[in-house]
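Below is one structure, written out as structure tokens, with a few remarks after it.
The values are calculated or read from the model by the stated rules, or taken from the named source; none is laboratory data. A quick note: this is a predicted structure, and the numbers were derived from the prediction, not measured. Cβ placement follows ideal geometry from the backbone for every residue including glycine, while neighbour counts extend to all protein chains displayed. Surface accessibility is based on the protein's heavy atoms, side chains included, excluding ligands, DNA and RNA. Shrake-Rupley method; radii C 1.70, N 1.55, O 1.52, S 1.80 Å.
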Amino acid sequence: MEDLKIFDGIFDKHLKTDFEKNLLKACHSNLQDTNNSLRFNNYAYSLRELSRHLLKRLAPDDRILKCKWYKNEIPDKENGITRNQRIKYAIQGGLLDSFIEEELGLDIFETKKKLKDAITILNKHTHVNEDTFALEKETVKKHVSEINDAFSELFSDIELCRNEIVSGIESAIDEALIQRTVDDVIEDLDELSTHHTINYLDYDIKVKTIDDSEIIIDVTGNINVTQQFGSNGDLKRGDGYEIENSFPYDVELKCPLDKVTDFKPVIETINVNTDDW
């Protein structure tokens, strides 16, 4: 069997479902059919179809159609969705370009241009022409390497762009908002001791979801406090005591995209783990 090294790991991180993995195997089978003069064309076409299925998983129709930025760019098709619109949703969900550029200060134009270039490469070998028919082995290897790289770059760059946006949102979370979450945490701690003093707070902010309607953000961390049991007079008399303690907490923040221009997430839920008490 001819070894064209298409299973060199570049697809592994992008394929999630059994269907996607089985479709890649079928792509490979097309390529291994050395008696078929269309083997490379069949491979190129089926790999492009694989990319279409991945994009549809990352950007479902019903989500795209609800985005504020969506408009039908296929006039003769109801609720038409272009490949570029799928890529846009996979990168930014329902976020408007103006929010990404003005509020987050990000410029992802160059990366988006690379995405279009990758799509062009995936498309160009699917048509049967004299210069792509019955190719020699070395030419097949060259073209396979080109479209494999384009496939990998397409989905890697989508992930890169999305990660830039996620990082921008996480950095934009206002310190004052975190302080408001601390105030809510304090209410839960008030019941555990006579008095307490907050020594320090650590937290980690993660964007969990960016979809067509909202951003969901998780804040997790620990709050270190000095707890006082008994009054100040009790402490002076030796009848009270103080201890240092740390409590884990988690907060869920939500920001509806119809209000995202001023980016003021609201506290949806807050939990403090005081089970040991």
Return yes or no: is L122 within 28 Å of R39 (Cβ to Cβ) and either among the aromatic types (F, W, Y) or surrounded by 13 or more Cβ atoms within 10 Å (Cβ to Cβ) (or both)? yes
Among the numbered conditions (1) open to solvent by 50 Å² or more (accessible area, probe 1.4 Å); (2) within 22 Å of V140 (Cα to Cα); (3) polar (S, T, N, Q), tell me where Q32 comes up short. (1)
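Go over the candidates D12, D62 one by one and state the one that is closer than 18 Å to S152 by Cα, open to solvent by 60 Å² or more (accessible area, probe 1.4 Å), within 20 Å of the chain's Cα centre (by Cα) and of a type outside the set (S, T, Y). Please lay out each step first, then the result.
Numbers: D62 fails: closer than 18 Å to S152 by Cα.
From the options D12, D62, the qualifying one is D12.
Kindly indicate whether I100 is farther than 24 Å from A150 by Cα, exposed (fewer than 12 other Cβ atoms within 10 Å of the Cβ) and aliphatic (A, V, I, L, M). I'd like the intermediate steps shown before the answer.
Numbers: farther than 24 Å from A150 by Cα: yes; exposed (fewer than 12 other Cβ atoms within 10 Å of the Cβ): no; aliphatic (A, V, I, L, M): yes.
In short, no.
Assess whether K77 counts as being within 23 Å of K208 (Cβ to Cβ), open to solvent by 60 Å² or more (accessible area, probe 1.4 Å) and in a loop (DSSP other than H, G, I, E, B).
Values: within 23 Å of K208 (Cβ to Cβ): no; open to solvent by 60 Å² or more (accessible area, probe 1.4 Å): yes; in a loop (DSSP other than H, G, I, E, B): yes.
In short, no.
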If you take the residues in the stretch 216-261 that are crowded, with 16+ Cβ neighbours inside 10 Å, of a type outside the set (S, T, Y) and in contact (Cβ under 8 Å) with a residue 60 or more places away in the chain, which one is farthest from Y89 (Cα to Cα)? F247
Could you list, in sequence order, the residues of the stretch 1-54 that are at pLDDT 90 or above and acidic (D, E)? D18, E20, E49
Breaking point among (1) assigned to a loop (DSSP other than H, G, I, E, B); (2) at pLDDT 85 or above; (3) surrounded by 12 or more Cβ atoms within 10 Å (Cβ to Cβ); (4) not basic (K, R), for Q85: (1)
Of the candidates D33, D18, the one satisfying the condition of being touching a Lys or Arg at 6+ places or on another chain (Cβ under 9 Å), without any contact (Cβ under 8 Å) to a residue 60 or more places away in the chain and not aromatic (F, W, Y) is D33
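Would a scan of the stretch 169-189 turn up a residue that is at pLDDT 80 or above, not hydroxyl-bearing (S, T, Y) and not in a loop (DSSP other than H, G, I, E, B)? Talk me through it step by step, then tell me what you get.
Our first condition is that a residue be at pLDDT 80 or above; within the stretch 169-189, this holds for 169-171.
Next cut, not hydroxyl-bearing (S, T, Y) only: 169-170.
Right, trim to not in a loop (DSSP other than H, G, I, E, B) and you get 169-170.
The answer is yes, given that some residue of the stretch 169-189 is at pLDDT 80 or above, not hydroxyl-bearing (S, T, Y) and not in a loop (DSSP other than H, G, I, E, B).
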Which numbered condition trips up F40, out of (1) surrounded by 17 or more Cβ atoms within 10 Å (Cβ to Cβ); (2) closer than 30 Å to E214 by Cβ? (2)
Failed condition for K137, given (1) over 21 Å from V207 (Cβ atoms); (2) crowded, with 16+ Cβ neighbours inside 10 Å; (3) in contact (Cβ under 8 Å) with a residue 24 or more places away in the chain: (2)
Residues satisfying the stated conditions in the stretch 122-145, i.e. assigned to a helix (DSSP H, G or I) and over 24 Å from R57 (Cα atoms): E130, D131, T132, K137, E138, T139, V140, K141, K142, H143, V144, S145
Long-range neighbours under 7 Å by Cβ, at least six apart or interchain, first residue at negative phi within the stretch 82-108, second charged (D, E, K, R) and buried (at least 19 other Cβ atoms within 10 Å of the Cβ): G94/D212
